[in-house]
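*Asks:* I'd like to ask some things about the structure below.
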Amino acid sequence: MESIFGRHPFGNKDKEACVIKGDLIKPYIAPENDPFYSDINHLYLSTDRITVGIFSLPPGASYNPPDIHSGDEAYFILEGELTVQNPVSGQVECIKKGESMLVPAFAYHRGFNFGAGMMRTLFIIAPDVVPKNFTPEDFSGGKDAKYKSTPIFPFEQASDLPSFQPNATMQNLGGWPVDGEDARKGPLAFYKIPEDKKLAVIHGTDNPMLMKFLVSNDVFHICEIFLPSGGTRSRASEIDSHKGDSLVFVLESGMTVFLPDTRTTFEAFPGEAVFIPENVTYHILNHGASTLHALLIAAPEL
Ligand SMILES: [Fe+2]
């Protein structure tokens, strides 16, 4: 899989707008060298800027060894609940359907499913997935930070950690839930983003669309978008484009993406996504009968 990271689904060709569905969604297990402790993943996109996929755990399952990336990772839970342990600090967070969490670069993390049903989560990593020239910590033989053990690197003070700003507005975009560089300085903590910590903004005046940002920092921006269905006409977002690679993943209802410069139309449904290259302008349209709910991801700039 390491050979595919950074070049999916385009290979060595130029990036172009497309729908990612069907055979373009690539299944893989991780780790590949130990299938007995693997989880199942589905890769949607992996460029030089961002990697997006879904990973799944059935009830009772976890993966081992703990994961670590050279980029920041964010989760958005699609189904069930995910418990994530930092085996170095001992921090454990549980996130449920509709919630999100930021894992700063080089923070170890191990996922468990202690819930009754399947767990499926989107994972978004930017810019790079695999650390280079890096020897991972050896957690074998029960050396992880757990009940009645001593953490390898304990958090010294809660006040050492960057914290959420109350009453955030669109001016906090770029530093949500915390400043990216501050989060990566350490101590490396997980930042859980439940419903009431999402940063909501309205896009557009005549055609308003609700955006709820989960994460917005120097490497990526991730927000839920809600576009109502129309009435007497189709409902379209106002135009937008991003200084980076963008992916719109459909959560509920059908989505149309229209690129006015080339008059290209794409259609995607739940579980499918549309890739939009840098600086390409687009409208998102809802031609359906229910509210479109999707996840918009842009990296590195919004
Ligand atoms: Fe990970």
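*Asks:* Peptides 73-79, 254-260, 120-126: what's the order by average Cβ count within 10 Å, highest mean first?
*Replies:* 120-126, 73-79, 254-260
*Asks:* Right, another one. Can you list the residues, at least 5 places off or on another chain, whose amide H is less than 5 Å from the amide H of Gly174, using H built in the peptide plane?
*Replies:* The list, which skips near neighbours in sequence, is Ser216, Asn217.
*Asks:* With θ taken as phi - 60° and the coefficients 6.51, -1.76 and 1.60, list the Karplus ³J(HN,Hα) couplings across segment 244-261 in order, rounded to whole Hz; mark glycine and proline as x.
*Replies:* x, 7, 10, 9, 10, 9, 7, 9, 9, 6, x, 10, 10, 10, 10, 9, x, 5
*Asks:* Separate question: Using a basic spin-label model with each label point 7 Å from the Cα along Cα→Cβ, how many nm lie between Asn33 and Phe153?
*Replies:* Simple spin-label model gives 2.2 nm for this pair.
*Asks:* Once you keep just the Cα pairs under 8 angstrom separated by 6 or more residues, what percentage relative contact order results for segment 196-300?
*Replies:* 34 percent
*Asks:* Over the chain, what lengths in whole Å, largest first, do the semi-axes of the equivalent ellipsoid take, defined as the square roots of 5 times the eigenvalues of the alpha-carbon gyration tensor?
*Replies:* 33, 21, 18
*Asks:* So, one more: Can you list residues from other chains, or at least 5 along the same chain, whose modelled amide H is less than 5 Å from the amide H of Ala107?
*Replies:* The answer is His69.
*Asks:* I would also like to ask the following. Determine ³J(HN,Hα), in whole Hz, for all residues of segment 109-123 in sequence, where each value follows from phi through the Karplus function 6.51 cos²θ - 1.76 cosθ + 1.60 and θ = phi - 60°; x replaces Gly and Pro.
*Replies:* Each residue's phi maps through the Karplus curve to give 8, 10, x, 10, 10, 9, x, 8, x, 4, 10, 10, 9, 6, 10 Hz.
*Asks:* Using mean Cβ contacts within 10 Å as the protection proxy, how do 230-237, 107-114 order, highest first?
*Replies:* 107-114, 230-237
*Asks:* Using the Kirkwood formula on the Cα atoms of segment 196-300, what hydrodynamic radius do you get, in angstrom to one decimal?
*Replies:* 13.7 Å is the Kirkwood radius here.
*Asks:* Mind running the shape call on segment 27-129? Use the C-alpha gyration tensor, a ≥ b ≥ c as the square roots of the eigenvalues: rounded below 1.5 for a/c, prolate if a/b tops b/c, oblate otherwise.
*Replies:* rounded
*Asks:* Could you run the Karplus curve 6.51 cos²θ - 1.76 cosθ + 1.60 with θ = phi - 60° over segment 62-74 and give me ³J(HN,Hα) per residue in whole Hz, x for Gly and Pro?
*Replies:* Per-residue couplings from phi come out as 8, 10, 8, x, x, 8, 8, 10, 7, x, 6, 10, 10 Hz.
*Asks:* Among the lysines, select those whose C-alpha is under 26 Å from the C-alpha of Lys148, and discard any that sit fewer than 8 residues away in the same chain.
*Replies:* Partners within reach: Lys192.
*Asks:* Students often get this wrong, so check it: of Lys21/Lys243; Lys21/Lys212; Lys15/Lys143, which have C-alpha atoms separated by over 32 Å?
*Replies:* Lys15/Lys143
Values quoted throughout were computed directly from the atomic coordinates according to the rules given, and no laboratory measurement underlies them. Just so you know, these numbers come straight off a predicted model, no measurement behind them. Cβ: placed from backbone, ideal geometry, glycine included. Neighbour counts: every protein chain shown.
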